[in-house]
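We did not get these values from a lab; they are worked out from the coordinates using the rules stated. Note that the structure is predicted; figures quoted are calculated from it, not measured. Ideal geometry is used to build each Cβ from the backbone, glycine not excepted, and the neighbour counts take in all protein chains shown.
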Amino acid sequence: MPIEIKKSTGEEMLGLEIENLTKFFGGVEALDQLSFSVEPHEIKAVIGPNGAGKTTLYNVITRVFPATSGKVKFKGKDITNLKSHDIARMGIARTFQDARIFKDHTALANVMTGYHQVMSAGLFDSGLSLPKARKEEQRAREISMEWLTFVGLKRDASRLAGDLPHGTQKLVELARALVSDPTLLLLDEPATGLNDAEREHMSQLLYQLRERGKTTMLVEHQMEFVMGVSHHVLVINYGKKIADGTPAEVQNNPEVITAYLGGEVNA
């Protein structure tokens, strides 16, 4: 089980804060006055039935979609209306349900694409292959190899990503998210489709990332994984929060049992 997280207060709260977040698509309310927080260094899971609003939540946090109302705060700053690339530069990185990798590129090349947002060399420098750009490209290669080694894929660095098994592709995507050195990771179904050994490896990586100072939020439908790795679990249904507590509290919440855990579990 992960180490217990003590709740921060006042100026110590430098994690993620969601305040009355609402998102409409036409007449459909995908997020309904959603409020919660993710503490620094916490591993927090978000669960709920299909259509609950989990992916919409990620898309609003990262400004893929604008919020209809409400606020998203990160490190004490309002990021609700920032552009996606500015949010990424503040230290938020994400993965996706389906590993969005470049299948005809190597694992290393895929990870290196995640470094571009922190590079200081401009397109002009890169296009002319000036010394500054060459130096940063070498730095990107070195850091990408470090993260590939961290997730256990050092030997697969030169393999085409499309030739790698599903579970390995998810690790490539995780390394790509980590290469920009984010503070907050938004993981979308990191354990889905993995076998028992792969899920255990993924959980150990999340523990190690916490020890390195990372904060993780994950959407997942593998309940054994969720309950084993998470400090707290947020349950949403129809875009509305129905529970937010420790795994034990959530598992014993009558409303959660009725709406979610008592039936087929799907994220």
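Work out how much length residue 83 to residue 155 would gain on full extension: take 0.36 nm times their residue separation and subtract the Cα-Cα distance, in nm to one decimal.
22.3 nm
Charges were assigned to the Cβ only: +1 to each Lys and Arg, -1 to each Asp and Glu. The resulting dipole of the chain about its Cα centre is roughly 880 debye. Once C-alpha pairs closer than 8 Å and six or more residues apart are averaged by separation and normalised to the residue number of the chain, the relative contact order reads 27 percent.
Say R0 is 25 Å: what FRET efficiency, to the nearest 0.05, do residue 64 and residue 212 get from their beta-carbon distance? Result of the calculation: an efficiency of 0.40. Could you tell me how many degrees, from 0 to 90 and to the nearest 10, lie between the Cα long axis of helix 131-150 and the main elongation axis, the longest principal axis, of the Cα atoms of the chain? Long axis of 131-150 versus the principal axis of the chain: about 50 degrees. Considering only 182, 247, 165, the mean-square fluctuation computed in a Gaussian network model of the chain, springs between alpha carbons under 10 angstrom, is largest for 165. Of the beta bridges in the chain, as assigned by DSSP with both residues counted there, near 55 percent are antiparallel.
Placing R0 at 35 angstrom, the Cβ-Cβ distance between residue 137 and residue 224 gives a FRET efficiency of 0.25 after rounding to 0.05. Shown in residue order for the stretch 188-194 are the 3J(HN,Hα) couplings computed by the Karplus curve 6.51 cos²θ - 1.76 cosθ + 1.60 at θ = phi - 60°: 10, 6, x, 9, 5, x, 8 Hz (x for Gly and Pro). Backbone amide hydrogens, once placed in the peptide plane, bring residue 67 within less than 5 Å of nothing, excluding anything fewer than 5 places away on its chain.
What is the sum of charges around residue 32, taking Lys and Arg as +1, Asp and Glu as -1, for the other residues whose C-beta is under 10 Å from the C-beta of residue 32? Each step should come with its number before you reach the end.
Details: positive: 23, 240, 241; negative: 29.
For residues surrounding residue 32, the net value is +2.
The alpha-carbon atoms of the chain define a convex hull whose volume equals 140 cubic angstrom per residue.
Model label sites at residue 75 and residue 116, defined 7 Å from Cα along the beta-carbon direction, differ in position by 2.3 nm.
Who wins for biggest fluctuation among 239, 152, 48 in a Gaussian network model of the chain, springs between alpha carbons below 10 Å? The residue with the greatest mean-square fluctuation here is 152. A crude spin-label estimate for the pair residue 166 and residue 240, with each label 7 Å from Cα along the Cβ direction, gives 3.4 nm.
Placing one equal scatterer on every Cα of the stretch 138-249 and applying the Debye formula, the log10 ratio I(q)/I(0) at q = 0.16 Å⁻¹ is -0.78. You can think of it this way: the chain between residue 103 and residue 90 has 1.8 nm of extra reach, that is 0.36 nm per residue less the Cα-Cα gap. Computed from Cα positions, the angle between helix 166-178 and the longest principal axis of the chain comes to roughly 80 degrees.
In this structure, the residue pairs whose Cα-Cα separation is over 20 Å, taken from 103/135; 44/214; 23/75; 75/170; 71/240, are 103/135; 23/75; 75/170. Applying D = kT/(6 pi eta Rh) to the stretch 21-98, where Rh is the Kirkwood radius over alpha-carbon pairs, T corresponds to 4 °C and eta to 1.567 mPa s, the Stokes-Einstein value obtained is 97 µm²/s. Helix-derived [θ] at 222 nm for the chain: sum -39500 (n - 2.57) over DSSP H runs of at least 4, divide by residue count, nearest 500? Helices in the chain give a 222 nm mean residue ellipticity of -9500 deg cm²/dmol.
What share of the DSSP beta bridges in the stretch 107-259 is antiparallel, in percent to the nearest 5?
Percent antiparallel among DSSP bridges in the stretch 107-259 is about 50.
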